[in-house]
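Colleague: Before I ask anything, let me first share the structure, which is written out below as structure tokens.
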Amino acid sequence: MNHGLLQTTIAGSLPKPGWLAESAKLWAPWKWEGDALIEAKRDAVRLAVRDQEMAGIDIVGDGEQTRQHFVTTFIEHLHGVDFQQRKTVRIRDRYEASVPVVTGRVSRSQPVYVEDARFLRAETMRPIKYTLPGPLTMVDTLYDAHYGSREKLAWAFAEILNEEAQELAAAGVDIIQFDEPAFNVFFDEVREWGVKTLERAAADLPCKTAVHICYGYGIKANTEWKKTLGSEWRQYEETFPLLQTSTIDQVSLECHNSHVPIELIGLLKGKDVLVGAIDVTTDHIETPEEVADTIRKALPYVAPEHLYPCTNCGLVPLSREVAVGKLKALGAGAALVRQSLNQA
Ligand code: ZN
């Protein structure tokens with residue numbers, strides 16, 4: 001099944017089943033070890049795929065069921081970062097977090113998610129998307145005691161990400177998305193080297209590439225930060241013109257219930273736009289009409305073949321019941337708009 005116009009997808013994470021890790025919690029520890037953990041993660045991926053397919057989601061992900069955290073799980077598999085040593089740093093210029101320390105040259109000696117991606121590929125006939133952290137966001141989630149330069153460390157990560165992305169594409173991934181929430185905070189770095197290192201991470205890939213930029217999960221530090229941003233959130237105005245001229249194919253952004261002026265989408269002319277039509281900070285399940293309304297507001301600024309209804313961010317802090325309800329609303333809302341476009 002291919003819906004053609006208005007293909008739906010999700011930003012990345014879905015809640016994990018309670019038997020895999022504690023529910024409704026970020027960084028929740030696993031409840032299994034060894035082979036039993038591998039099997040449990042795979043069963044969780046199967047359920048995540050099924051939930052998306054049943055909800056009418058066209059481009060399917062693994063709901064990030066095999067990782068604890070969208071940045072650190074990737075970094076755990078690299079050399080040069082010491083997870084025993086930890087430092088408390090201010091991340092996203094917003095909240096204190098205990099993070100591992102870069103103690104030497106960073107490198108990747110083995111694939112991180114490639115086996116997981118192969119498994120996902122075998123579990124669905126639909127196009128699949130895989131997410132990786134972006135270089136700037138990786139740098140901003142660590143304490144660096146080796147490179148002495150955020151830019152140098154970002155270039156090193158960009159090369160590692162590209163190695164991983166090439167292998168993910170070879171495993172059959174259709175879209176590789178780099179998560180760069182830090183793009184909404186460090187505008188000078190985005191301009192000077194953030195987009196360039198992102199392009200390096202995405203260089204020469206045979207599949208589509210995407211970047212996800214958001215205002216974060218529904219955790220307290222983020223909701224408090226949002227209150228300080230005023231009545232119009234114009235952060236995207238800094239980054240979209242740079243992304244519009246970049247090699248990245250798709251941009252995933254926050255829209256529904258945000259204070260982002262919708263016309264900023266117009267700055268992404270020619271790109272695929274993943275419009276966030278699902279609020280990840282509330283248990284209220286959107287109605288299909290609410291989703292359709294968000295899509296309709298975006299349509300004057302992006303053609304329907306370039307518009308991908310999506311979630312604002314990952315759904316991981318929500319309950320499974322709420323998350324599945326939101327997936328269904330996303331699928332049903334997109335169907336409503338598709339219907340009216342096909343009749344026009
Ligand atoms: Zn996000």
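Colleague: With a ≥ b ≥ c taken as the square roots of the eigenvalues of the C-alpha gyration tensor of the stretch 1-64, please select rounded if a/c is under 1.5 and otherwise prolate if a/b is larger than b/c or oblate if it is not?
Modeller: prolate
Colleague: Non-local amide H neighbours of A24 (under 5 Å, H modeled in plane, Pro and chain starts lacking H): which ones?
Modeller: Amide H to amide H, under 5 Å and 5 or more residues apart or across chains, A24 pairs with K16.
Colleague: Then there's this: Tell me the mean residue ellipticity at 222 nm calculated for the chain from its helices only (DSSP H runs of n ≥ 4, each -39500 (n - 2.57), averaged over every residue, nearest 500).
Modeller: Details: 10 runs with 121 residues, N = 344.
Rounded to the nearest 500, it is -11000 deg cm²/dmol.
Colleague: Still on this structure, I have one more. How many percent of all Cα-Cα pairs in the stretch 8-108 sit more than 17 Å apart?
Modeller: Numbers: 3121 of 5050 pairs.
Everything past 17 Å amounts to 62 percent.
Colleague: Cysteines without a disulfide-compatible partner in the chain, using Cβ under 4.7 Å as the rule?
Modeller: Result for the chain is C207, C255, C310, no neighbouring Cys Cβ within the cutoff.
Colleague: Can you work out ³J(HN,Hα) from phi for every residue in the stretch 54-71, in order, using Karplus 6.51 cos²θ - 1.76 cosθ + 1.60 and θ = phi - 60°, giving whole Hz and x for Gly and Pro?
Modeller: So the Karplus estimates, Gly and Pro as x, are 5, 8, x, 7, 7, 10, 9, x, 8, x, 6, 6, 9, 10, 7, 9, 5, 9 Hz.
Colleague: With the cut-off at 1.5 for a/c, could you classify the stretch 122-263 from its C-alpha gyration tensor as rounded, prolate or oblate?
Modeller: Cα axes put the stretch 122-263 in the oblate bin.
Colleague: Convert each backbone phi in the stretch 255-264 into a coupling constant with the Karplus relation 6.51 cos²θ - 1.76 cosθ + 1.60 (shift: θ = phi - 60°), then list the ³J(HN,Hα) values in order as whole Hz, x for Gly and Pro.
Modeller: Result, rounded to whole Hz: 9, 4, 6, 9, 9, 6, x, 4, 5, 5.
Colleague: Over the chain, calculate the relative contact order: mean separation of alpha carbon pairs under 8 Å at least 6 apart, over the residue count, as a percent.
Modeller: Values: 688 pairs, mean separation 71.6, N = 344.
So the answer I get is 21 percent.
Colleague: For the stretch 220-344, what mean projected area does the convex hull of the alpha carbons give, in nm²?
Modeller: On the way: hull surface 31.8 nm².
Computing the convex hull of the Cα atoms and averaging its projections yields 7.9 nm².
Colleague: How far apart, in nm, are the 7 Å Cα→Cβ label points at M54 and M125?
Modeller: Calculated label separation equals 1.9 nm.
Colleague: For a quick check: with amide H placed at 1.01 Å from N, whose amide H comes under 5 Å from G218's, ignoring anything fewer than 5 positions away on the same chain?
Modeller: none
Colleague: Which FRET efficiency, nearest 0.05, do A97 and A344 yield, Cβ-Cβ r, R0 35 Å? Walk me through the numbers on the way to the answer.
Modeller: Values: r = 48 Å, r/R0 = 1.39.
After rounding to 0.05, the efficiency reads 0.10.
Colleague: May I pose another question? Classify the stretch 233-295 as rounded, prolate or oblate from the Cα gyration tensor: take a ≥ b ≥ c as the square roots of its eigenvalues, call it rounded if a/c is under 1.5, otherwise prolate when a/b beats b/c and oblate if not.
Modeller: Numbers: a/c = 2.44, a/b = 1.95, b/c = 1.25.
Cα axes put the stretch 233-295 in the prolate bin.
Colleague: Consider just the alpha-carbon atoms of the stretch 148-192 and return their Rg together with their Dmax, both in angstrom.
Modeller: Computed over the Cα atoms of the stretch 148-192, radius of gyration and Dmax are 12.9, 37 Å.
Colleague: Residue by residue, what Karplus-based ³J(HN,Hα) values in Hz, rounded to whole numbers, does the stretch 189-200 have, using 6.51, -1.76 and 1.60 with θ = phi - 60° and x for Gly and Pro?
Modeller: Couplings: 5, 4, 5, 6, 8, x, 5, 5, 5, 4, 4, 5 Hz.
Colleague: Right, something else. Distance from the Cα centre of the stretch 229-305 to that of the stretch 30-47, in angstrom?
Modeller: The distance from the Cα centre of the stretch 229-305 to that of the stretch 30-47 comes to 34 Å.
Colleague: Would you mind listing how long the chain runs along its three principal axes, going by Cα atoms, in whole Å with the largest first?
Modeller: Between the extreme Cα coordinates on each principal axis of the chain lie 60, 45, 39 Å.
Colleague: In this model, which of K208/K297; K220/K297; K129/K208; K152/K196; K16/K41; K208/K271 are farther than 18 Å apart at the alpha-carbon? Could the numbers behind the result be given before it?
Modeller: On the way: K208/K297 25 Å; K220/K297 29 Å; K129/K208 9 Å; K152/K196 12 Å; K16/K41 9 Å; K208/K271 11 Å.
Pairs exceeding 18 Å: K208/K297; K220/K297.
Colleague: Treating only the Cα positions of the stretch 113-206 as identical point scatterers, give the base-10 log of I(q)/I(0) from the Debye formula at each q in 0.14 Å⁻¹.
Modeller: For the stretch 113-206, the Cα-only Debye profile gives -0.52.
Colleague: Normalised by the number of residues in the stretch 142-269, what is the relative contact order in percent for Cα pairs under 8 Å and 6+ residues apart? Don't skip to the end; give the middle numbers.
Modeller: Working: 142 pairs, mean separation 33.8, N = 128.
It comes to 26 percent, rounded to a whole number.
Colleague: Taking H as built 1.01 Å from N, whose amide H comes closer than 5 Å to the amide H of L274, not counting residues under 5 places away?
Modeller: V251, S252, L253, Y308
Read-outs throughout are calculated quantities, based only on the coordinates presented, and are distinct from any laboratory measurement. None of the values given here were measured: they were computed from a predicted structure. Cβ atoms come from the backbone with ideal geometry, glycine included; neighbour counts cover every protein chain shown.
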